[in-house]
Amino acid sequence: MKKFLLFFGFLFLMYGYEEVKLSSQEEKNLGIQTIAVGESVSSKGIPFNAFVDFDSKTSVTQSSTFEAIVVALHKREGERVKKGEEICEISSNDLNNLFFEFENTQNRYNIASEIAQKDKKLFESGIISQREYQVSYLNANELKLKLNQIQSTFDVFGIDMKKPKGNFGFRIVAKEDGVLAVAPKQTGEKILAFSPYIRIADGLDLMARIRVPLNMVHYVKPNAKIFDNKGHQIGVIKTISVVIDRSTNTVLAIANLKDTDFKVGETIEVYIDGKLPQDSIVIPVEAIIKNNNDYLIFKKTADGFLPIKIQILEEKNKAFIVNAFDAVKVGDEIAIGSIIALKGIINNVGE
């Protein structure tokens, strides 16, 4: 008797609602359609949103250390550049001051270097003391270090010190051959201090950045295949970060994209061929409806539809990962369309 009650309780947990009996004509009149689980939403894996970017593993970034304004554009995002080729020109009071300091330091270093060389010969001839030679040597060396420091600041910007100034401002040139993944978009654009404003990728290969929620991390593995919404394979998961982004409670997964028409900056829907949580399936949004505290789907039967309680495990764009407690499996038919009519019937609305 006890076993019977437990079994009855389990059935009530799964179903809890009586079957809605409808003829085919009544289904059509109510605007109810059916789909097979795993068809409208890819059964190839777990749905995620992904951001498309250049594969920047070997890219070069040029950053600003001061605020600056773009005063001329010679290359735009997506164009190929060669090392040393001019990308844009920028202007900044801070850069002007730094360039003046650079020229002044360079002149002082040239003079100090000549004095240090003369003092070295005088010391070796015994005319001056070692201390006097050390003073001139250290002075020249100090100016050289300062000169290198200023040059490194210009180098971070990407300013060509062989010909630093163009027709309108400081010349920004490419540090390497490649494709401009990031570049100023228009003249007059403001470049913020301490921000990367140019990125050069070494090719046109694309990757997808996928934010994986913490409760789904264990179901996504390296080398897992990823598919588009038509079930076509478009890439493979290469890496999964071990660092949690606390602002989103996610970890970052990177996938290489192959033979696709996606554009950099595009957000796409992908399906990862990972292991779904135990006893779970993927159900499209339009097949689920809330009834009081229950989330329901309607499973097609010979005489109509059987309301099934489900537990939503994860919400994704256009789909839910749910636990249907083995009452619905891949291949079963469920209702979509005007399922609010079915909700009305089980609640005796309209009678």
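The values are calculated or read from the model by the stated rules, or taken from the named source; none is laboratory data. Just so it is clear, the structure is predicted and the values come from calculations on it, not from any experiment. Virtual Cβ from ideal backbone geometry, glycine too; neighbours counted across all protein chains shown.
Taking the residues in segment 80-128 that are of a type in the set (Asp, Glu) and surrounded by 13 or more Cβ atoms within 10 Å (Cβ to Cβ) as candidates, determine which candidate is farthest from residue 171 (Cα to Cα). Ranking the candidates gives 119 first. A Cβ distance below 6 Å, combined with a sequence gap of six or more or placement on separate chains, defines the contacts here; from segment 60-77, residues that are part of a strand (DSSP E or B) reach residues that are polar (S, T, N, Q) and crowded, with 18+ Cβ neighbours inside 10 Å in the pairs 68/92. For segment 322-338, the candidate set comprises residues that are among the β-branched types (Val, Ile, Thr) and part of a loop (DSSP other than H, G, I, E, B); within that set, the residue that is farthest from the chain's Cα centre (by Cα) is 328.
Name the residue, out of 234, 254, 210, that is among the β-branched types (Val, Ile, Thr) and over 15 Å from the mean Cα position of the chain (by Cα).
Numbers: 254 fails: over 15 Å from the mean Cα position of the chain (by Cα); 210 fails: over 15 Å from the mean Cα position of the chain (by Cα).
The conditions single out 234.
Scanning segment 88-121 for residues that are part of a strand (DSSP E or B) and of a type outside the set (Val, Ile, Thr) gives 88, 89, 91. Candidates are the residues of segment 148-176 that are in contact with a strand residue (DSSP E or B) (Cβ under 8 Å, 6 or more places away or on another chain) and acidic (Asp, Glu); the one that is nearest to residue 61 (Cα to Cα) is 176. Pull up segment 61-105, narrow it to residues that are closer than 18 Å to residue 162 by Cα and within 26 Å of the chain's Cα centre (by Cα), then point me to the one that is modelled with the lowest pLDDT. The qualifying residue modelled with the lowest pLDDT is 62. Remark: pairs (first residue in segment 216-241, part of a strand (DSSP E or B); second residue surrounded by 17 or more Cβ atoms within 10 Å (Cβ to Cβ) and basic (Lys, Arg); Cβ separation under 8 Å; 6+ apart in sequence or on different chains) = 225/44; 227/44. Does segment 115-126 contain at least one residue that is at pLDDT below 95 and touching a strand residue (DSSP E or B) at 6+ places or on another chain (Cβ under 6 Å)? Taking every residue of segment 115-126 in turn, none turns out to be at pLDDT below 95 and touching a strand residue (DSSP E or B) at 6+ places or on another chain (Cβ under 6 Å).
In segment 78-123, of all residues being hydrophobic (A, V, I, L, M, F, W, C) and without any contact (Cβ under 8 Å) to a residue 40 or more places away in the chain, the one that is nearest to residue 188 (Cα to Cα) corresponds to 100.
Counting the residues of segment 194-231 that are within 30 Å of residue 94 (Cα to Cα), hydrophobic (A, V, I, L, M, F, W, C) and surrounded by 13 or more Cβ atoms within 10 Å (Cβ to Cβ) gives 3.
Quick grid of which residues meet (1) under 22 Å from residue 48 (Cα atoms); (2) surrounded by 13 or more Cβ atoms within 10 Å (Cβ to Cβ); (3) outside the structural domain of residue 215 (by TED's automatic domain parsing); (4) at pLDDT 90 or above:
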site: 260; (1), (2), (3), (4): yes, yes, no, no
site: 301; (1), (2), (3), (4): no, yes, yes, yes
site: 316; (1), (2), (3), (4): yes, yes, yes, no
site: 341; (1), (2), (3), (4): no, yes, yes, yes
